[in-house]
Structure formats: C-alpha cells, structure tokens
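The values are calculated or read from the model by the stated rules, or taken from the named source; none is laboratory data. The model shown is predicted, which means the values in this text are computed figures rather than measured ones. Neighbour counts run over all protein chains shown; Cβ positions are idealised from the backbone, glycine included.
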Amino acid sequence: AQSVAQPEDQVNVAEGNPLTVKCTYSVSGNPYLFWYVQYPNRGLQFLLKYITGDNLVKGSYGFEAEFNKSQTSFHLKKPSALVSDSALYFCAVRDREGSGNTGKLIFGQGTTLQVKP
Amino acid sequence: GAVVSQHPSWVICKSGTSVKIECRSLDFQATTMFWYRQFPKQSLMLMATSNEGSKATYEQGVEKDKFLINHASLTLSTLTVTSAHPEDSSFYICSASDPGGVTDTQYFGPGTRLTVL
C-alpha cells in the first residue's frame with residue numbers, strides 16, 4: 001500500500017535559521033511527490049512537486065525539497081525561516097495503484113512549523 | 001493562475017437542513033475535482049472524486065446519499081450535505097485538477113467551515 005509519513009508533529013525554529021520538514025514515502029514505481037502549506041482556516045497552497053529530473057526541486061516562497069530515492073524521502077527545506085512561514089505543512093504522493101492514475105493524493109499527517117522571532 | 005474558489009466560506013445551519021457548497025476553478029478547466037473534509041489539527045480525508053459529466057466516486061465509509069456531489073461543468077462542482085447533523089460540522093475543502101499539466105497538480109480551494117446546530 002502506498003503511504004506518506006511525516007514523523008514530526010511540530011518543528012520549531014528561530015527566524016533566520018534554516019528549516020527542514022521531513023517526509024518519507026512508500027510507493028510502487030516512481031513517485032509523484034508534492035508539498036502543500038495550509039494557513040489557519042484556509043485551504044492548501046501548492047508549494048512544489050517532484051516528478052522527474054533534478055532531485056532538488058525549487059518551489060514557492062523560497063522553499064525547496066530534495067528527492068532521495070535511496071532513503072525514500074522528500075524533505076522540505078528553506079535556508080532562512082521567516083515568522084510568516086509558520087503554518088501546517090503537508091507532504092503528499094500521487095496515488096498510482098489500481099487503474100494507474102486516479103489522480104488522488106495520499107497525504108501525510110501534517111507538520112506544524114513554528115518560527116519564532 | 002490555477003485559482004480555485006469555494007462558496008460559501010462559512011455556513012451555519014440547523015440540524016435537518018441541507019447545505020450546498022460550490023467549488024469553482026476560475027482560470028482553468030478541471031476534468032476532476034476532489035472533496036475533502038478536515039477535522040481540527042488533522043490531515044485531509046478524501047470523501048469523493050468528481051469527474052465532469054459522470055457520477056462521483058466515493059471513498060469507503062462516505063455516504064453517497066448524504067453527501068451529494070454534482071460536477072456539471074468543467075469549472076463547477078457542488079457538494080450538498082443533506083439532512084445535516086452536528087456530527088457533519090467540519091471544514092470542507094475542494095481541489096481541482098488541471099488537465100493541461102503533465103502531472104495534474106491539484107489546486108485547492110480556501111475551504112468552507114460548516115457548523116450544524
């Protein structure tokens with residue numbers, strides 16, 4: 001079965017420091033991986049995705065993620081955190097089982113990022 | 001680009017009444033839309049997948065007669081919660097898939113907060 005895990009419920013980091021939000025996955029075949037961010041009482045905003053190509057993917061708001069096939073990870077990173085980055089972050093993998101392309105996303109449980117001034 | 005809207009953003013209704021939530025893709029055509037519900041501080045739970053012009057596919061455990069989904073056009077899907085009860089109170093989020101993209105990235109609406117009294 002395909003799955004996504006975000007091992008940390010919360011990540012705390014000081015403003016200006018680098019941040020990492022962890023994600024590991026388990027899929028059959030090549031994964032399509034996504035990161036989304038959710039601010040309170042809002043929908044999800046797309047940050048970035050990995051489909052193929054360079055393992056380092058750059059996305060919105062200065063975020064990037066590194067695809068590591070051997071470790072089955074897709075950690076989200078940012079070199080210098082801002083207080084405004086504080087939000088709930090979701091990692092997701094596209095469902096490619098069964099009929100092949102349902103388009104469904106399988107989400108991790110989410111990680112709350114708290115950036116303190 | 002890739003903007004998805006939802007209406008209303010919040011609604012309060014009496015137990016036993018029905019509530020309709022609209023999801024629109026504003027600047028692209030979406031052959032597929034997804035409906036999720038989210039409980040506080042939890043991940044998204046997929047309720048159903050809606051394809052334009054065909055019946056929705058419901059996830060296991062989701063009552064299709066209670067959560068009516070209609071995807072009448074490439075830019076509009078609706079979710080109707082029939083005979084709502086307090087346990088239906090939740091945050092409902094839709095997403096739309098852009099078929100023009102190679103990866104069919106899902107773009108999310110801002111969500112609808114439903115409170116059933």
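Laid out as a table, the results:
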| item | result |
| --- | --- |
| Whichever residue in segment B:1-41 is modelled with pLDDT of 90 or more and among the basic types (Lys, Arg) and, among such residues, is surrounded by the most Cβ atoms within 10 Å (Cβ to Cβ) | B:Arg37 |
| Selected residue [over 25 Å from B:Ile93 (Cβ atoms) and more than 13 Å from the chain's Cα centre (by Cα)] from A:Val13, A:Val27 | A:Val13 |
| Which numbered condition A:Asn41 misses (of (1) buried (at least 19 other Cβ atoms within 10 Å of the Cβ); (2) over 19 Å from B:Ala96 (Cβ atoms); (3) out of contact with any Ser or Thr (no Cβ under 6 Å at 6 or more places or on another chain); (4) facing chain B (nearest Cβ under 8 Å)) | (1) |
| Residue within segment A:77-89 that is in contact with a strand residue (DSSP E or B) (Cβ under 7 Å, 6 or more places away or on another chain), exposed (fewer than 13 other Cβ atoms within 10 Å of the Cβ) and not in a strand (DSSP E or B) present | yes |
| Within segment A:1-20, considering residues that are closer than 22 Å to B:Leu44 by Cα and out of contact with any Lys or Arg (no Cβ under 7 Å at 6 or more places or on another chain), the one surrounded by the most Cβ atoms within 10 Å (Cβ to Cβ) | A:Val4 |
| Unmet requirement for A:Phe46, which otherwise passes all of (1) modelled with pLDDT of 95 or more; (2) under 30 Å from B:Trp10 (Cα atoms); (3) under 13 Å from the mean Cα position of the chain (by Cα) | (1) |
| Some residue of segment A:49-62 being crowded, with 18+ Cβ neighbours inside 10 Å, away from chain B (no Cβ under 11 Å), part of a loop (DSSP other than H, G, I, E, B) and touching a His at 6+ places or on another chain (Cβ under 8 Å) | no |
| Conditions (1) free of Cβ contacts under 8 Å to residues at least 40 places away in the same chain; (2) hydrophobic (A, V, I, L, M, F, W, C); (3) buried (at least 16 other Cβ atoms within 10 Å of the Cβ); number of the one not met by B:Leu44 | (1) |
